[in-house]
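All remarks here apply to the structure that follows.
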Amino acid sequence: MKLICEHITKQYKDKLALNDISLTLEQGKIYGLIGRNGAGKTTLLSVLTAQNPATSGSVTLDDMAVWENRSALEHLCFSRELNVSAESGLGSMKVKEYLRTASIYYRDWDSAMAERLVDLFELPVKKRMSKLSKGMLSMVTIIVAMASKAAFTFLDEPVAGLDVVAREQFYKLLIEEYTETGRTFVVSTHIIEEAADVLEEVIILKDGKVLLEADTQALVDSARYISGKAEDVDTVTAGLETHHPEVSGRAKSVTVLLKPGQSLPAGYDVSIQPLNLQKVFLALCGEEERQ
């Protein structure tokens, strides 16, 4: 089973939120969707799950159009921040009522799992949604995502407001469910380094476009931070893919992404350091070049 989006564009009046995005999401993987605020992450997830219509382009699940197609939507779950304002009507619902509603919506709902996670997170199911903390609301979205048993499950900032213990519980739960079922998960998060170990592939969005899609470990293994005298750094990195150069006097630093078969020449007085996923992301999407 594959979820494919082709040439997706989303226009909001004078803002182009998504610009000609094409992606193929395969079953049985954990994807990380990362990008700065406003990059288009939530919009993309909402279009992929038919919560939001694309201005142009298509989304299909095994050749079935996703938009207004119940047969396709039964395999998709989009778990996002809940709006519990008085206007939404959601705030007056009790947690147990919200979970009961979710159980009706999702064909493969696992009631036993939902109950187990309620106990794990010590969630007060008799409380009204409007009375929950931000962290507790995140727990509700995680429970819906996991208990939905949807083949393709999308989580938008699932650990927002959670303490370190609850975040660890979530990632452990994610790995366990993925291992047991082979479901596909797409996790959008700002806490990059904490999630890096569980993300098989990473998709980086920038200004509404896919900047990079890669195997997470291969991407990290290809990255180097080079620093030293400007002339030495330039010589060492000549012909290589470089990002985020910084110059201070005669010194220079730059991030390099090595392609398969490429290596750095030896014999130069430069510092070469490995990078983690968060540092790679900062090099690609952080501040503009500084000189």
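Annotations for the structure displayed:
- Residue within segment 65-75 that is buried (at least 16 other Cβ atoms within 10 Å of the Cβ), at pLDDT 95 or above and closer than 20 Å to Met1 by Cα present: no
- Of all residues assigned to segment 121-128, at least one qualifies as being under 25 Å from Ala195 (Cα atoms) and surrounded by 13 or more Cβ atoms within 10 Å (Cβ to Cβ).
- Candidate set: segment 80-95, residues that are charged (D, E, K, R) and surrounded by 15 or more Cβ atoms within 10 Å (Cβ to Cβ); chosen: the one modelled with the highest pLDDT: Lys94
- Verdict on Ala150 being more than 14 Å from Val95 (Cβ to Cβ), crowded, with 20+ Cβ neighbours inside 10 Å and among the aliphatic types (A, V, I, L, M): yes
- Checking Val236 against (1) in the same structural domain as Leu33 (by TED's automatic domain parsing); (2) at negative phi, the condition it does not meet: (1)
- For segment 9-26, the criterion of being of a type in the set (D, E, K, R), surrounded by 16 or more Cβ atoms within 10 Å (Cβ to Cβ), at pLDDT 90 or above and within 19 Å of the chain's Cα centre (by Cα) is satisfied by at least one residue.
- Scope segment 5-42; condition small (Gly, Ala, Ser), closer than 20 Å to Cys285 by Cβ and touching a helix residue (DSSP H, G or I) at 6+ places or on another chain (Cβ under 9 Å); matching residues: Ala17, Gly32, Gly35, Ala39
- Just one of the listed residues (Gly161, Gly135) is over 22 Å from Lys29 (Cα atoms), touching a Lys or Arg at 6+ places or on another chain (Cβ under 6 Å) and assigned by TED's automatic domain parsing to the domain that holds Arg80, namely Gly161.
- Unmet criterion (only one of (1) surrounded by fewer than 16 Cβ atoms within 10 Å (Cβ to Cβ); (2) in contact (Cβ under 8 Å) with a residue 60 or more places away in the chain; (3) in contact with a helix residue (DSSP H, G or I) (Cβ under 8 Å, 6 or more places away or on another chain)) for Asp163: (2)
- Residue match in segment 125-144 (condition: under 22 Å from Met1 (Cβ atoms) and under 23 Å from the mean Cα position of the chain (by Cα)): yes
- Boolean, Ala214 is within 25 Å of Gln273 (Cβ to Cβ) and either at pLDDT 95 or above or not acidic (Asp, Glu) (or both): yes
- Any hit, segment 81-96, residues being within 23 Å of the chain's Cα centre (by Cα), closer than 26 Å to Cys5 by Cα and touching a residue at least 40 places away in the same chain (Cβ under 8 Å): yes
- The residues of segment 102-137 that are among the hydroxyl-bearing types (Ser, Thr, Tyr) and over 18 Å from Thr153 (Cβ atoms), listed by number, are Ser130, Ser133.
- Test: residue in segment 262-279 that is of a type outside the set (Ser, Thr, Tyr) and touching a Pro at 6+ places or on another chain (Cβ under 9 Å): no
- Qualifying residue in segment 108-120 (condition: modelled with pLDDT under 95, in contact with a Leu (Cβ under 9 Å, 6 or more places away or on another chain) and either in a helix (DSSP H, G or I) or surrounded by 13 or more Cβ atoms within 10 Å (Cβ to Cβ) (or both)): yes
- Against the list (1) of a type outside the set (D, E, K, R); (2) touching a strand residue (DSSP E or B) at 6+ places or on another chain (Cβ under 9 Å); (3) assigned by TED's automatic domain parsing to the domain that holds Met136, the condition Gly182 fails is (2).
The values are calculated or read from the model by the stated rules, or taken from the named source; none is laboratory data. On a predicted model such as this, the values are computed, not experimentally measured, just so you know. Please note: Cβ atoms are built from the backbone with ideal geometry, for glycine as well, and neighbour counts cover all protein chains shown.
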